[in-house]
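Read-outs: derived from the displayed coordinates by stated rules, not from any lab. Being a predicted model, the structure only gives us computed values, none of them experimental. We place every Cβ from the backbone using ideal geometry, glycine too, and count neighbours over all the protein chains shown.
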Amino acid sequence: MPCGVSGCHCGWVPGCARGGPPLESQCPPAPRFTLAARRCPIATVAGSGSSANPALHFAESYVTEDLVLRTARSLANEVGLEAVTPGAGATLRLLAAAGNARAVVEIGTGTGVSGVWLLRGMRADGVLTTIDVEVEHQRIARRIFTEAGFVAGRTRIITGRALDVLPRLADGAYDLVFVDAEATGFTACVDAALRLLRPGGVLVLNGALAGGRIGDPAARDAETVTVRETVKAIRESEHWIPAVLPVGHGLLAAVRC
Ligand SMILES: C[S@@+](CC[C@H](N)C(=O)[O-])C[C@H]1O[C@@H](n2cnc3c(N)ncnc32)[C@H](O)[C@@H]1O
């Protein structure tokens, strides 16, 4: 076992910046998953670049993740997905809580990391509508949501391409829309969010810094250009009050006027 305690699934791995293995008495019970949680959440954040900046590293590790989130993150790694960082997750929870969110749309379920963060900020009767094109990702996320203690009625998990599903959702009925799928779909997702959000609702785009290339005029790849045009269009639109938050991979948050 990674931490050296027989039967422990705490997720600690040698070399993790958290400092060392837990005492046996601190080891939580194993989650009910077939895939073991093996990776270190701090190492995941370090991989996004914050380890080079102590202040950013502090911000990312300020709110720690519990066993369920660490397991969801580990499973994301195993299926090749990049989940939101702990700092970005904490920001999503904050925004959901600040808006007293009851209805949230998420584009890009993944293995449920961001979904759990959002649900933990939403009202106790809130429903997360989460969309992903990959049924296997959602199968894992469904189990994570259950493991996190959310009854089935708290989530509406829809399999499909965002641009096919979003037109079926009701106008002005949502408090928060979180977009965490391919950047090439940003423009269409922003257009959809404008229709879906109530006035005062919040749009959040993950990846708003285009992997750090956003401010580099020489970066002209399709993804960077799309992100650059999207964040510029939101800044210049009368429909949004935006800010770019340098947390995780960059969040653009914008209140719908
Ligand atoms: C970065 S992962 C999401 C991670 C998740 N938000 C989290 O933090 O746990 C992106 C997800 O978007 C999904 N995806 C990609 N393109 C999509 C599309 N056009 N419509 C719906 N989902 C899409 C992928 O299958 C993948 O699960």
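General remarks:
- In this rough spin-label picture, where each label sits 7 Å from Cα along the Cβ direction, the ALA222-ARG123 distance is 4.1 nm.
- Note on the stretch 199-233 and the stretch 145-182: Cα centroid distance 22 Å, given to the nearest whole angstrom.
- Karplus (6.51, -1.76, 1.60) ³J(HN,Hα), θ = phi - 60°, over the stretch 236-252, in Hz, Gly and Pro reported as x: 8, 7, 6, 8, 10, 10, x, 8, 9, 9, x, 10, x, 8, x, 10, 9
- Whether the stretch 115-207 is rounded, prolate or oblate, judged on the alpha carbon gyration tensor where a/c under 1.5 counts as rounded: oblate
- For the stretch 86-256, a Kirkwood radius taken over Cα pairs fed into Stokes-Einstein (4 °C, viscosity 1.567 mPa s) yields D = 82 µm²/s.
- The overall shape of the stretch 203-257, judged from the alpha-carbon gyration tensor, is oblate: a/c is not under 1.5, and a/b is no greater than b/c.
- For peptides 146-153, 110-117, 207-214, sequence by mean Cβ density within 10 Å, most packed first: 110-117, 207-214, 146-153
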